[in-house]
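These notes concern the structure reproduced below.
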Amino acid sequence: MTSAFSEAVTGFDNSDVSVSGGTLSAVTPDAGDPSGKTYKATFTPTAGVDATTATIQVAASSTGTSSWTDAAGNSGTASNTVSISEDTKAPTAISIAASGPGSPTATAISVRAKWSR
């Protein structure tokens, strides 16, 4: 996740970001942007979820635990909400069958697997 602001901000951290459907690594200033306008974090979706939507939004400052401001102390507004479709549920084998010569010295057999997804 990259959050880009119109001007440098202070006090921006994880408490300023609303996340559902996963977790966010620590929000840190982007080392490649010395202006202080860009912050980065990594979103990790919840494991084992079958087709859901995750959301990420920067909260308006002075709401809840959000307290980021610009250098003059002005409160910021909320961002748009980003929606991410996710499916992290692993497929499972529901059947597996082997066919081919019955000899233990056979050089080839055919294997067929049927997956749940």
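The values are calculated or read from the model by the stated rules, or taken from the named source; none is laboratory data. Computed from a predicted structure; not experimentally measured. Virtual Cβ from ideal backbone geometry, glycine too; neighbours counted across all protein chains shown.
Matching residues to (1) at positive phi; (2) among the basic types (Lys, Arg):
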{"position": "5", "(1), (2)": "no, no"}
{"position": "16", "(1), (2)": "no, no"}
{"position": "28", "(1), (2)": "no, no"}
{"position": "34", "(1), (2)": "no, no"}
{"position": "37", "(1), (2)": "no, yes"}
{"position": "40", "(1), (2)": "no, yes"}
{"position": "43", "(1), (2)": "no, no"}
{"position": "48", "(1), (2)": "yes, no"}
{"position": "53", "(1), (2)": "no, no"}
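Taking the options 50, 13, 30, name whichever one is in contact with a strand residue (DSSP E or B) (Cβ under 8 Å, 6 or more places away or on another chain) and either closer than 30 Å to residue 116 by Cα or of a type outside the set (Val, Ile, Thr) (or both).
When all the criteria are applied, what remains is 30.
Tell me, which strands (runs of 3 or more DSSP E) lie completely within region 1-48 with 1 or more residues that are under 20 Å from the mean Cα position of the chain (by Cα) and surrounded by fewer than 16 Cβ atoms within 10 Å (Cβ to Cβ)? If you could, list the steps in order and put the result at the bottom.
Details: elements: 2-4, 17-20, 22-24, 38-40, 43-45.
Here the list reads 2-4, 17-20, 22-24, 43-45.
Name the single residue that is surrounded by the most Cβ atoms within 10 Å (Cβ to Cβ) among those in region 84-100 being touching a residue at least 24 places away in the same chain (Cβ under 8 Å) and assigned to a strand (DSSP E or B).
Start the filter on region 84-100 by keeping residues that are touching a residue at least 24 places away in the same chain (Cβ under 8 Å), which leaves 84-92.
From what is left, the residues that are assigned to a strand (DSSP E or B) are 84-86.
Values: 84: 15, 85: 10, 86: 17.
Ranking the qualifying residues of region 84-100, first place goes to 86.
Can you tell me which residue is surrounded by the most Cβ atoms within 10 Å (Cβ to Cβ) among those in region 49-69 that are outside any loop (DSSP other than H, G, I, E, B) and free of Cβ contacts under 8 Å to residues at least 60 places away in the same chain? Can you show your working first?
Step one: filter region 49-69 for residues outside any loop (DSSP other than H, G, I, E, B), giving 52-58, 69.
Then keep just the ones that are free of Cβ contacts under 8 Å to residues at least 60 places away in the same chain; that gives 52-58.
Details: 52: 16, 53: 11, 54: 19, 55: 13, 56: 21, 57: 16, 58: 24.
Ranking the candidates gives 58 first.
Determine the pairs where a residue that is under 22 Å from residue 42 (Cβ atoms) and outside any loop (DSSP other than H, G, I, E, B), located within region 70-83, has a partner that is among the aliphatic types (A, V, I, L, M) and modelled with pLDDT of 90 or more with Cβ atoms under 6 Å apart, the partner being 6 or more residues away or on another chain.
Partner pairs satisfying both residue conditions: 82/56.
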